[in-house]
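These notes are about the structure you will find just below.
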Amino acid sequence: QCFESKKGIAMQAKRVLFPTDYSHLSDSALRYATTLAREGNGSLIIVHVEEPPIAYGGGEMYYGIPDPDRAEVRRMLEQVKPTDPAVPYVHRLVMGNPADEIVRLAEEENADLIVMATHGRTGIGRVLMGSVAEAVVRRAKCPVFTLKPSDAAGKK
């Protein structure tokens, strides 16, 4: 649901889903998510999706860079809080494919809006790494607000 204000059109979102990967870009997107939740008299659902280790070569598990244990990931998630302490929030820690889990959780939690950062990969980086934000935009049933790296830096 949208409404017209002096500043233009704004979304009135009661339930805002905010996925975080703990990056500086996510920190910037959190400010937007908090503002939209506050203006809609709503709440935030702050989620982190852990990716399971992938099979590599002959079937052994490849973990890449050592990941923090689940308790550490939970602690990191609990440190992510709205930029306005008056905005209510909950944390969700899930495991799976990030795009799949974000879309699933948005539906399960009846989110009105997803607010997330995109790392802005282009060319071969996007082909090789894929784009979680792009997959979420294509598949989510609710609106998705994405924040590009240039938006986070305040560039136009």
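Points to keep in mind about this one:
- Computed on protein heavy atoms with a 1.4 Å probe, the accessible areas place Met116, Met95 in the order Met95, Met116, largest first.
- Placing pseudo-labels 7 Å out from each Cα toward the beta carbon at Glu109 and Lys81 gives an inter-label distance of 1.8 nm.
- Peptide packing: for 69-79, 30-40, the average count of neighbouring Cβ atoms within 10 Å per residue gives the ranking 30-40, 69-79, highest mean first.
The values are calculated or read from the model by the stated rules, or taken from the named source; none is laboratory data. All of these numbers come straight from a predicted model, not from anything done at the bench. So basically every Cβ, Gly included, is an ideal-geometry build from the backbone, and we count neighbours across all protein chains shown. For accessibility, only protein heavy atoms count, side chains too; no ligands or nucleic acids. Shrake-Rupley method; radii C 1.70, N 1.55, O 1.52, S 1.80 Å.
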